[in-house]
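Right, one structure below, let's go through it.
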Amino acid sequence: MANPWRGDVALRINGETQVMRLTLGAIAELEAELESQSLMAMVERFESSNFTSQDVLALLRAGLRGGKCDVSDDALYHADIEGGPLAAARAAAELLARAFTVPDA
């Protein structure tokens, strides 16, 4: 079950709900993969809607690793994500938002 206080975001992949989370280690890997100049630059990239499908996949991979989900990169690349690309992009944005904000009480 996804816990927003921990930064969890749920996403249905291939019919199974996966709980993702951006841990500090996952964020560091994400920064390196996206070649971001800074943490804020990475966040601004998504806030300005100046991101690519590869960015979305990178965020989902980082969240899956942070959530200790056993979904390989290849499996994610070929996955059936419930809600399609738009749901994937929303989940990626939500991961970033939850990593840096406190949820509403």
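The values are calculated or read from the model by the stated rules, or taken from the named source; none is laboratory data. Source: prediction; values computed, not measured. Note that we place each Cβ from the backbone using ideal geometry, even for glycine, and neighbour counts take in every protein chain shown. These area figures cover heavy atoms from the full protein model, side chains too; ligands, DNA and RNA do not enter into them. Shrake-Rupley method; radii C 1.70, N 1.55, O 1.52, S 1.80 Å.
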Lone unmet requirement of (1) at negative phi; (2) touching an Asp or Glu at 6+ places or on another chain (Cβ under 8 Å) for GLU31: (2)
Inside the range 1-32, can you point out the residues that are of a type in the set (S, T, N, Q), in a strand (DSSP E or B) and open to solvent by 70 Å² or more (accessible area, probe 1.4 Å)? THR17
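Go through the residues of the range 1-12 one by one and say whether even a single one is in contact with a Lys or Arg (Cβ under 8 Å, 6 or more places away or on another chain), at positive phi and either at pLDDT 85 or above or not charged (D, E, K, R) (or both).
Taking every residue of the range 1-12 in turn, at least one turns out to be in contact with a Lys or Arg (Cβ under 8 Å, 6 or more places away or on another chain), at positive phi and either at pLDDT 85 or above or not charged (D, E, K, R) (or both).
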Pair list, Cβ under 9 Å, 6 or more apart: the range 17-39 residue under 10 Å from GLY63 (Cα atoms), other residue of a type in the set (Phe, Trp, Tyr): LEU22/PHE100
Within the range 55-76, the count of residues that are of a type in the set (A, V, I, L, M), surrounded by fewer than 18 Cβ atoms within 10 Å (Cβ to Cβ) and more than 16 Å from LEU96 (Cα to Cα) comes to 1
Do you know which residues across the range 33-54 are surrounded by fewer than 17 Cβ atoms within 10 Å (Cβ to Cβ) and of a type in the set (A, V, I, L, M, F, W, C)? LEU39, MET40, ALA41, VAL43
If we ask which residues in the range 77-99 are under 12 Å from the mean Cα position of the chain (by Cα), surrounded by fewer than 19 Cβ atoms within 10 Å (Cβ to Cβ) and closer than 14 Å to LEU11 by Cα, their number turns out to be 3
Here the residues within the range 37-94 that are among the aromatic types (Phe, Trp, Tyr) and assigned to a helix (DSSP H, G or I) are PHE46, TYR77
